[in-house]
1. Do you know which of the residues in the range 169-203 that are within 19 Å of ILE127 (Cβ to Cβ) and of a type in the set (Gly, Ala, Ser) is nearest to the ligand (Cβ to nearest atom)?
2. Quick check, is THR45 in the same structural domain as SER376 (by TED's automatic domain parsing) and in contact (Cβ under 8 Å) with a residue 60 or more places away in the chain?
3. Can you spot a residue in the range 192-210 that is of a type outside the set (A, V, I, L, M, F, W, C), touching a Leu at 6+ places or on another chain (Cβ under 7 Å), within 25 Å of PRO89 (Cβ to Cβ) and part of a helix (DSSP H, G or I)?
4. Here is a list: GLN11, GLN18. Which entry is of a type in the set (S, T, N, Q), away from the ligand (no atom under 16 Å from the Cβ) and not in a helix (DSSP H, G or I)?
5. Every residue in the range 204-222 that is away from the ligand (no atom under 16 Å from the Cβ) and of a type in the set (Ser, Thr, Tyr), please.
6. Is at least one residue of the range 78-93 farther than 20 Å from GLY270 by Cα, more than 12 Å from the ligand (Cβ to nearest atom) and of a type outside the set (A, V, I, L, M)?
7. What are the residue pairs meeting all of these: first residue in the range 63-89, first residue touching a residue at least 40 places away in the same chain (Cβ under 8 Å), second residue more than 16 Å from the ligand (Cβ to nearest atom), Cβ atoms under 7 Å, and 6 or more apart or on different chains?
8. In the range 65-83, is there at least one residue being in contact with a Pro (Cβ under 9 Å, 6 or more places away or on another chain), in the same structural domain as HIS304 (by TED's automatic domain parsing) and part of a helix (DSSP H, G or I)?
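The values are calculated or read from the model by the stated rules, or taken from the named source; none is laboratory data. This one's a predicted model, so the numbers in the text were calculated from it and none came from an experiment. Every residue, glycine among them, receives a Cβ derived from its backbone with ideal geometry; neighbour counts consider all protein chains shown.
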Amino acid sequence: MNREIQQLVTQYREACHQPLCAYVYDLDRLAQEARNMVKLLPKDTNLFYAIKANPDERILGALLPYVSGFEVASIGELKKVRKVSADVPVLFGGPSKKEYELRGALRAGVTYIHIESTLELQRLLLIANELQTSAQVLLRINLNYDDLPTTNVTMAGEPSPFGMEETEIERALKLVAHQNLVQIYGFHFHSISNNLREDLHVAMIDHYVDKVEEWQSTYGLDVKVLNCGGGFGVSYDENPSFDWEKFIAALKSSGVLDRVKGKQLLFEPGRRIVANCGYYVTEVNDLKQSQQEHFAILRGGTHHQRLPASWGHNHPFKIIPIEEWPYPFSRPTVTEERVNIVGELCSPKDRLHSQAEVSQLRVGDLVVFLQSGAYSWTISHHQFLGHDQPAFLYYRDKQFQSISRSDH
Ligand SMILES: *Cc1c(COP(=O)(O)O)cnc(C)c1O
């Protein structure tokens, strides 16, 4: 969090007259990140943003000038994208598409539908015929790949509800034969999440290309598009995050790009684009000792930022000291101690960081959870215990451009 945002947050806190709890999105940083990633892309390669990482309308708006389009996994997400643009390209995925969603996707003019089962393909054929609308399809394949790099969330290479088996391709091709409305343009893979290793990602894509070449020759297919998914990682501890520049360099020198000449290569990251532009800002509301341990209790918690509870990690944070203490009683303070940073819920699971080493932490200081831009607010259980929602502050052009409370 840069100094200007810290200052604005402190001013905002003074104006609030209650303990501060807010998400802050740095839209300048977000735009910069997207611009840098896109700039490095090789020819015929496109960057889509998977909006499930953070579907906030202002985030979509900030990314719109830079990305090739958006990946959505529900009709609700599709509507969010169409609110920011009537015609930006959309990839429509998700493992359980309903008929009304397929109908909605065709009506909204999505670019590619990721087909995840042969039943789904049959449904799409019916609907395309009913609407007399054409549909471009990528088959999502769940590869049986023993050497797929493993990360903390694996979505392919082992039994999974996502995508279809390789052995289903033949059946899918038969289903689309003898008609013109539904056309298979290529394949979609999304096999890992939060991968931190550039070399593993290149090896995985190399394997995808092996497979696609094999299917092209087996089935006489003309593959035009290859979507290699997302899963580029962000580190929440001292390990380095996935280095996009290093990845692109490794991809270029791997020879993979020569093998896919004439095809479009798509990437659809979520986390890697937005994680670092979001901050979850909370205020220490109480500080106590229980037996040998210290607890800092926040205005806020895992009902707003569930990621540390979901993954069971200690979420990185920094402290913004607040000097003002308006009360006649003394200010609870810990100095050079280990502190458990917990939320306001009546649940022992409401813990964002265990045994954090702090040089000083006082009631009234702000605890800012970094890397809270992805899979944070929207994966959280907001209604549990009925506390007020956080404010949402959007930083752009050196100021808070808008502040919202109600539209989340
Ligand atoms: C979640 C998801 C993504 C984005 O994953 P990240 O790990 O955020 O990059 C991309 N594609 C599909 C199909 C997904 O389910």
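1. Only one residue tops the list, namely ALA172.
2. Details: in the same structural domain as SER376 (by TED's automatic domain parsing): no; in contact (Cβ under 8 Å) with a residue 60 or more places away in the chain: yes.
In short, no.
3. Residues of the range 192-210 that are of a type outside the set (A, V, I, L, M, F, W, C), as a first pass: 193-195, 197-199, 201, 206-208, 210.
If we keep only those that are touching a Leu at 6+ places or on another chain (Cβ under 7 Å) as well, we get 208.
Going one step further and asking which of them are within 25 Å of PRO89 (Cβ to Cβ), we end up with 208.
Now restrict to residues that are part of a helix (DSSP H, G or I): 208.
Yes, the range 192-210 has at least one match.
4. Values: GLN11 fails: not in a helix (DSSP H, G or I).
Of the residues listed, the single one that is of a type in the set (S, T, N, Q), away from the ligand (no atom under 16 Å from the Cβ) and not in a helix (DSSP H, G or I) is GLN18.
5. Initial filter on the range 204-222 (away from the ligand (no atom under 16 Å from the Cβ)): 206-207, 209-222.
Selection gives SER217, THR218, TYR219.
6. So in the range 78-93, the residues farther than 20 Å from GLY270 by Cα come out as 86-87.
Going one step further and asking which of them are more than 12 Å from the ligand (Cβ to nearest atom), we end up with 86-87.
From what is left, the residues that are of a type outside the set (A, V, I, L, M) are 87.
Scanning the range 78-93, I find at least one residue that is farther than 20 Å from GLY270 by Cα, more than 12 Å from the ligand (Cβ to nearest atom) and of a type outside the set (A, V, I, L, M), so the answer is yes.
7. What qualifies is GLY69/VAL88.
8. Looking through the range 65-83, none of the residues is in contact with a Pro (Cβ under 9 Å, 6 or more places away or on another chain), in the same structural domain as HIS304 (by TED's automatic domain parsing) and part of a helix (DSSP H, G or I).
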